[in-house]
Amino acid sequence: MTIQSHGAADIISRARAEGRSALDEASAKALLSRFGIRTPRSVVVRSAKEGAERAGSLTAPFVVKVVSPDILHKSDAGGVTLHLADGAAVEAAILTMAAKPKIAAATVEGWLVEEMIPAGRELVIGGFRDPQFGPMVMVGLGGIFVEVLKDVAFRICPIDRAQAKEMLQDLKGYALLQGARGEASVDEFALIDAMVSIGGPDGLLMSFSDDISEADLNPVIVSASGAVAADARFILADAALPTSPAMLSDPTEEFRPLFEPRTIAVLGASTKDVAIANTFIRRLKDFGYEGQIYPIHPSAAEIEGLTAYPSIAEAPEPVDYAYIAIGAARIPDAIAGAAGRLKIAQVISSGFGELEEGRGLQEDLVRKAADAGVRVLGPNCLGTYSPRGGLTFPSGAPRDVGHIGVVSQSGGLSTDIIKRGQWRGLRFSGLVTIGNSADVAPHELVNYYFADPQTKAVGLYIEDVREGRAFFDLLRSHPAPKPVVILKGGRSDLGRAAAASHTGALAGDDRAWDALAAQLPVAMVTTVDEFIDALLVLQSFELRPEKPTQNVVLFGNGGGSSVLGTDAFAKNGLTVAPFPAAVLAPLEAMRLPPGTSVANPIDTPVRTLQEKEGWIAGEILGHVLSGASPDAIAMHLNLAAFVGRGTVDPIDNLFAVIEDILRKFPGVAHFALALRADGSPELEEKRRLYREKARLIGLPVFDEIPAMAGALAIVAHIEKRLNRRHN
């Protein structure tokens, strides 16, 4: 606890001892002062007469506010009076407010008389305790209008000064703080000081994360002379936050039995029917799994041509990984009976925590597995796909070992990700379905992928992150984090509709996830297509935090497509800017066929691209890369335009051109390609073949320019986050 926290702890302890659920305003402002946040000079009086007398110790004009544990929003009750000139006005105001119905019916403990703050911009600084991620800090413009304007920014605590500045820049009304339309600018440094005092590493929310559930400093008056909290409200928490578990010291060893199992036990296969466990065994064989498979069955001698054993404990060797698809009620004892001969169990069966009546059984499963030294994946999931270990649950999955690691709480969606990703050119280092994630939590597998040299980027489909604070701390503190793409399910729940404070009411369920992406090398997406698009570029590119992507050269055929493409990149915050004269000169000197434009976007009709059997594109790109040094080259081709246009296929040669250019200009620009088709079977088959050629040279291929622009914007965002972390 910091030095300033000691006195603050007494304020909170006293409020709890008095049975309060929130701090009164005087106590709230005393708490703020312990953290260096300015508040007006004030006194608390018990009567109108005392208010008149003690106002003389302050400087007019005055504000008077009711002090009552029954009144949280004082203005709504008529419990605030402004612009009082002297003690007599204070006395009259107290008498008038005391007679108002809501105040007369409440327990009134006194009246706060304070000096009015000089005029300035009204902001709100707040905080609340997110149930998954812990303390969060908020800043917004608008004072009493904040609920209407909703011009707010959130971050997960702790924040530093740079992040506080970014929060202000996120506000649509940020220009108002800088003196828009000739007005004086505010003291932004003082405002940032206040934000860090609330949400910083030693700030109020982190120091009292177990005690404060919601905080509102509203309004905070900011002017050229500083920032002063005119009002403050703190709602006390009912219980402490759960403690985050310690991270594994060696996740690669912990999860090696999952991704590279030498022995697999299968529970649930049948000698009579083709159960899901039988299908799993067949797929293992078809996939080329080289280890030992032990079907576990109480009476069968053989299943799927393999010797069966009555229990895991009776298998010939200790088991790395068990695939369990038997009745839910039997599973806890089946794992407990492994007698120390099992490392990881993946429970496919449902009937656990996803149902009210199964929660006790799920707790029993986790407890007995822990006693047996077994880590559990699931329950209620589909399996694990690990091409390096010969492990699969979908059929026909690619055998190549790739660079993308995925964790998913949905089994069915995982099959889509693998199969759709396969056709798009995505290859995986692993994919784990975790269902209810009763034991192994998502962040533990992310930690594995971070440590895994095979993995370049991580994708998550999450509905409930479970240990959100541990997840955030991993992403924030890992010495070598990798890009993370999150497809979040269930973002629209109105879980905080009944929040007591402005901050809580404004903090929709997706605020924490948006903050996570704003602070860390994390991208949030909303569809499976966007998820695959993002992972595809992260698989293909070597990220450049030192030179985040911003300037793009758009190169392809189709003038209208180029115009729309320029708009798509602009919408995603990227720039397709015309070349300066020094870059244009060598391009114009090429004397390309009529109809060609080289201004950026570069518009090349099919006839141009067919010159020199397609190698003309390499000459154009050479001039662009040596002269303009763009951050990315975004190529787009309309496949239909090339049908019946001669024997030379310039697109086929284009992959050799790009491979040559990448070799000549290493690290200068990211390359991406959009291949547009008309839906005909002929062109769809061509696009499929081109995608495979592109995959072999590390070139991500998209169906349309907007998807390519969105994926490059994700690269830009992650590069910027990594750059900020390194600096």
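Assess whether residue 365 counts as being among the aliphatic types (A, V, I, L, M), more than 11 Å from residue 331 (Cβ to Cβ) and in the same structural domain as residue 278 (by TED's automatic domain parsing).
Working: among the aliphatic types (A, V, I, L, M): yes; more than 11 Å from residue 331 (Cβ to Cβ): no; in the same structural domain as residue 278 (by TED's automatic domain parsing): yes.
Answer is no for this residue.
One line per residue, one yes/no per condition, for (1) farther than 18 Å from residue 34 by Cα; (2) among the charged types (D, E, K, R):
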| position | (1), (2) |
| --- | --- |
| 185 | yes, no |
| 188 | yes, yes |
| 192 | no, no |
| 195 | no, no |
| 212 | no, no |
| 224 | yes, no |
Please state which one of 202, 216 is touching an Asp or Glu at 6+ places or on another chain (Cβ under 9 Å), charged (D, E, K, R) and under 19 Å from residue 30 (Cα atoms).
-> 216
Would you pick out the residues in segment 506-561 that are farther than 30 Å from residue 621 by Cβ, outside any loop (DSSP other than H, G, I, E, B) and among the charged types (D, E, K, R)?
-> 511, 514
Specify the residue that is farthest from residue 333 (Cα to Cα); the eligible residues are those in segment 385-422 that are in contact with a Gly (Cβ under 7 Å, 6 or more places away or on another chain) and surrounded by 19 or more Cβ atoms within 10 Å (Cβ to Cβ).
-> 404
Return the total of residues in segment 316-368 being acidic (Asp, Glu) and either more than 31 Å from the chain's Cα centre (by Cα) or buried (at least 16 other Cβ atoms within 10 Å of the Cβ) (or both).
-> 5
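How many of the residues in segment 98-129 are farther than 25 Å from residue 149 by Cβ, out of contact with any Gly (no Cβ under 6 Å at 6 or more places or on another chain) and of a type outside the set (Val, Ile, Thr)?
Counting residues in segment 98-129 that are farther than 25 Å from residue 149 by Cβ, out of contact with any Gly (no Cβ under 6 Å at 6 or more places or on another chain) and of a type outside the set (Val, Ile, Thr) gives 12.
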Note on segment 38-70: residues under 12 Å from residue 110 (Cα atoms) and under 42 Å from the mean Cα position of the chain (by Cα) are 65, 66, 67, 68, 69
Would you pick out the residues in segment 675-705 that are surrounded by fewer than 18 Cβ atoms within 10 Å (Cβ to Cβ) and within 19 Å of residue 531 (Cα to Cα)?
-> 698, 703, 704
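Considering only segment 77-87, I want to know if a residue exists there that is within 21 Å of residue 126 (Cα to Cα) and among the hydroxyl-bearing types (Ser, Thr, Tyr).
From segment 77-87, those within 21 Å of residue 126 (Cα to Cα) are 80; that's our starting set.
Imposing the further condition that a residue be among the hydroxyl-bearing types (Ser, Thr, Tyr) reduces the set to none.
The answer is no; no qualifying residue exists.
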If you scan segment 475-486, which residues turn out to be at pLDDT 95 or above and either more than 17 Å from residue 516 (Cβ to Cβ) or not in a loop (DSSP other than H, G, I, E, B) (or both)?
-> 484, 485, 486
Identify all residues within segment 247-306 that are more than 18 Å from residue 374 (Cβ to Cβ), assigned to a helix (DSSP H, G or I) and among the aromatic types (Phe, Trp, Tyr); write none if there are none.
-> 280, 287
Complete set of residues in segment 659-696 that are part of a strand (DSSP E or B) and either within 20 Å of residue 641 (Cα to Cα) or among the polar types (S, T, N, Q) (or both) | 672, 673, 674, 675, 676
Counting only residues that are modelled with pLDDT of 95 or more, give me the helices (runs of 4 or more DSSP H) lying completely in segment 160-234 with at least 2 of them.
-> 161-170, 188-199, 204-207
Starting from segment 442-467, take each residue that is hydrophobic (A, V, I, L, M, F, W, C) and assigned to a loop (DSSP other than H, G, I, E, B) and list its partners that are modelled with pLDDT under 95 and surrounded by fewer than 24 Cβ atoms within 10 Å (Cβ to Cβ), counting only C-beta distances under 7 angstrom and pairs at least six apart or across chains.
-> 465/132
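Among the candidates 711, 632, 628, 672, single out the residue that is surrounded by fewer than 22 Cβ atoms within 10 Å (Cβ to Cβ), modelled with pLDDT of 90 or more, of a type in the set (A, V, I, L, M, F, W, C) and under 30 Å from residue 521 (Cα atoms).
On the way: 711 fails: surrounded by fewer than 22 Cβ atoms within 10 Å (Cβ to Cβ); 632 fails: surrounded by fewer than 22 Cβ atoms within 10 Å (Cβ to Cβ); 672 fails: surrounded by fewer than 22 Cβ atoms within 10 Å (Cβ to Cβ).
Result of the check over 711, 632, 628, 672: 628.
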Can you tell me which of 331, 312, 326 is closer than 24 Å to residue 444 by Cα, modelled with pLDDT of 95 or more and among the β-branched types (Val, Ile, Thr)?
-> 331
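Scan segment 126-159 residue by residue and report those that are assigned to a loop (DSSP other than H, G, I, E, B), at pLDDT 95 or above and in contact with a Leu (Cβ under 7 Å, 6 or more places away or on another chain). Explain how you work it out, then say what you get.
The initial filter retains those residues of segment 126-159 that are assigned to a loop (DSSP other than H, G, I, E, B), namely 131-133, 142, 150-151, 157-159.
Next, only the ones that are at pLDDT 95 or above stay: 157-159.
157 - this is the single residue of segment 126-159 that is assigned to a loop (DSSP other than H, G, I, E, B), at pLDDT 95 or above and in contact with a Leu (Cβ under 7 Å, 6 or more places away or on another chain).
Condition (residue is over 48 Å from the mean Cα position of the chain (by Cα) and of a type outside the set (Gly, Ala, Ser)) applied to segment 19-28: is it met by at least one residue? Break it down into steps so the answer makes sense when it comes.
We begin by selecting, within segment 19-28, every residue over 48 Å from the mean Cα position of the chain (by Cα); these are none.
For segment 19-28, residues over 48 Å from the mean Cα position of the chain (by Cα) and of a type outside the set (Gly, Ala, Ser): absent.
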In segment 548-563, residue nearest to residue 636 (Cα to Cα) [restricted to those that are at pLDDT 90 or above and in contact with a Gly (Cβ under 9 Å, 6 or more places away or on another chain)] = 556
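Residues that are within 36 Å of the chain's Cα centre (by Cα) and not aromatic (Phe, Trp, Tyr), at least 1 per element: which helices (runs of 4 or more DSSP H) completely within segment 580-647 meet that? If you could, list the steps in order and put the result at the bottom.
Numbers: elements: 581-588, 606-610, 616-627.
Those helices (runs of 4 or more DSSP H) span 616-627.
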Among strands (runs of 3 or more DSSP E) entirely inside segment 335-434, those with 3 or more residues being aliphatic (A, V, I, L, M) and touching a strand residue (DSSP E or B) at 6+ places or on another chain (Cβ under 6 Å) are 342-347, 404-408
Identify, please: which residue in segment 49-75 is polar (S, T, N, Q) and more than 17 Å from residue 219 (Cβ to Cβ) and is, among those, surrounded by the fewest Cβ atoms within 10 Å (Cβ to Cβ)?
-> 57
What are the pairs, 6+ residues apart or on separate chains, where a residue within segment 58-72 that is without any contact (Cβ under 8 Å) to a residue 40 or more places away in the chain has its Cβ under 6 Å from a residue that is assigned to a loop (DSSP other than H, G, I, E, B) and β-branched (Val, Ile, Thr)?
-> 70/107
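The values are calculated or read from the model by the stated rules, or taken from the named source; none is laboratory data. Quantities reported herein were computed from a predicted structural model and do not represent experimental measurements. FYI the Cβ positions are ideal-geometry reconstructions off the backbone, even for glycines, and counts take in every protein chain you see.
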